[in-house]
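Chemist: Below you will find the structure I want to go over with you.
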Amino acid sequence: MKKYLQILRGVSLSAFSHALRKRSFDELEYAAHLTSGAIGKIGSTEIRSIPMVWPDAIMQEPVSVNLRIGKYEDGMLPIEDLLILLYLIVRYQPSVVLEIGTYMGHTTRAIAENCPDAIVHTLDLPPDFRPDQDRAGIPKDDFHLIQKRVVGREFSGHPCASRIRQHFGDSASWDFRHAEGASFFFIDGAHTYEYIKNDTEKCLGLAKGSGTLLWHDVDDRHPGVVKYLSELHGSGKRIVRFAQSQIALMRV
């Protein structure tokens, strides 16, 4: 740990001293970015127990993706994470996809547009969900995002919506058989340990021994995700997380 702190101290002081000399807001902002990056690279013991690879480790052949780029909105997939997801979707071309966590539907639409023959099932809490009426029995998070959702807004009225099956429910009690045949799973719903475990186990049940699972928010800001995936890797499952992203992958 002492070694990591020395590295962090060196990056922080160097970056901030450079910024102060320039007396520029942009330079100060960049210095803060460097410091944040240095902190993130240290990581917890649990996250470092999950093997990390660079994205190009899976990019054995080039593919073409249909990519819409716009202003970032809180709750969207960052572009570096979206590109990993789309590469895998285009490469494997699953016939049935299950996404847990529709939110505004940015990712749902991207999946549907890049997998033109697939049925895309996507699950989110009912639009009228209220935290004080939650009966799931296991803890949720991200209530700030739940409150401002317009579920499926991004694909509503778009031609690809004909292949999107919007489901409303709580993954703790939802019948996953509604997505029968799914072989590609994107898990990005509640990020507590209990929900990640529940969603993963139910997706594995649907996969029936053959499929691709991706998780989002695999970072130390979401300790429940990291804890469960660390345990899953420790049990013998082959999981990797991608450098410079919040995505983890498992092929079964």
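Chemist: May I ask you to verify whether Lys202 is among the charged types (D, E, K, R) and in contact with an Asp or Glu (Cβ under 9 Å, 6 or more places away or on another chain)?
Modeler: Details: among the charged types (D, E, K, R): yes; in contact with an Asp or Glu (Cβ under 9 Å, 6 or more places away or on another chain): no.
No.
Chemist: Looking only at the stretch 42-80, which residues are under 18 Å from the mean Cα position of the chain (by Cα) and β-branched (Val, Ile, Thr)?
Modeler: Scanning the stretch 42-80 gives Ile47, Ile50, Val53, Ile58, Ile69, Ile79.
Chemist: Here is a follow-up. Suppose we filter the stretch 215-248 for residues that are under 19 Å from Asp141 (Cβ atoms) and touching a helix residue (DSSP H, G or I) at 6+ places or on another chain (Cβ under 8 Å); how many remain? Don't jump to the end; show me each part of the working.
Modeler: Filtering the stretch 215-248 for residues under 19 Å from Asp141 (Cβ atoms) gives 215-231, 246-248.
This time we only want the ones that are touching a helix residue (DSSP H, G or I) at 6+ places or on another chain (Cβ under 8 Å), so: 215-220, 223-230, 246-248.
The total comes to 17.
Chemist: May I ask you to say which residue of Tyr92, Tyr103, Tyr72 is among the hydroxyl-bearing types (Ser, Thr, Tyr) and in contact with a Pro (Cβ under 9 Å, 6 or more places away or on another chain)? It would help to see each step written out before you state the result.
Modeler: Details: Tyr92 fails: in contact with a Pro (Cβ under 9 Å, 6 or more places away or on another chain); Tyr103 fails: in contact with a Pro (Cβ under 9 Å, 6 or more places away or on another chain).
Answer to the selection: Tyr72.
Chemist: Which numbered condition trips up Val226, out of (1) part of a loop (DSSP other than H, G, I, E, B); (2) over 23 Å from Pro94 (Cβ atoms)?
Modeler: (1)
Chemist: Give me the pairs: first residue in the stretch 128-143 and among the aliphatic types (A, V, I, L, M), second residue surrounded by fewer than 15 Cβ atoms within 10 Å (Cβ to Cβ), beta-carbon distance under 7 Å, and six or more apart or on different chains, which are they?
Modeler: Ala136/Ser173
Chemist: Next question, about the same structure. So the check is Cβ under 9 Å with 6+ separation or different chains; which pairs have a first residue in the stretch 237-248 that's part of a strand (DSSP E or B) and a second one that's of a type in the set (S, T, N, Q)?
Modeler: Here the result reads Ile239/Ser230, each pair linking the stretch 237-248 to a residue that is of a type in the set (S, T, N, Q).
Chemist: While we're here: Of all the helices (runs of 4 or more DSSP H) wholly in the stretch 1-100, which have at least 2 residues that are at pLDDT 50 or above? Even if it seems obvious, please write down each step before you answer.
Modeler: On the way: elements: 2-22, 25-42, 45-48, 79-92.
Counting at least 2 such residues, we get 25-42, 45-48, 79-92.
The values are calculated or read from the model by the stated rules, or taken from the named source; none is laboratory data. A quick note: this is a predicted structure, and the numbers were derived from the prediction, not measured. Every residue, glycine among them, receives a Cβ derived from its backbone with ideal geometry; neighbour counts consider all protein chains shown.
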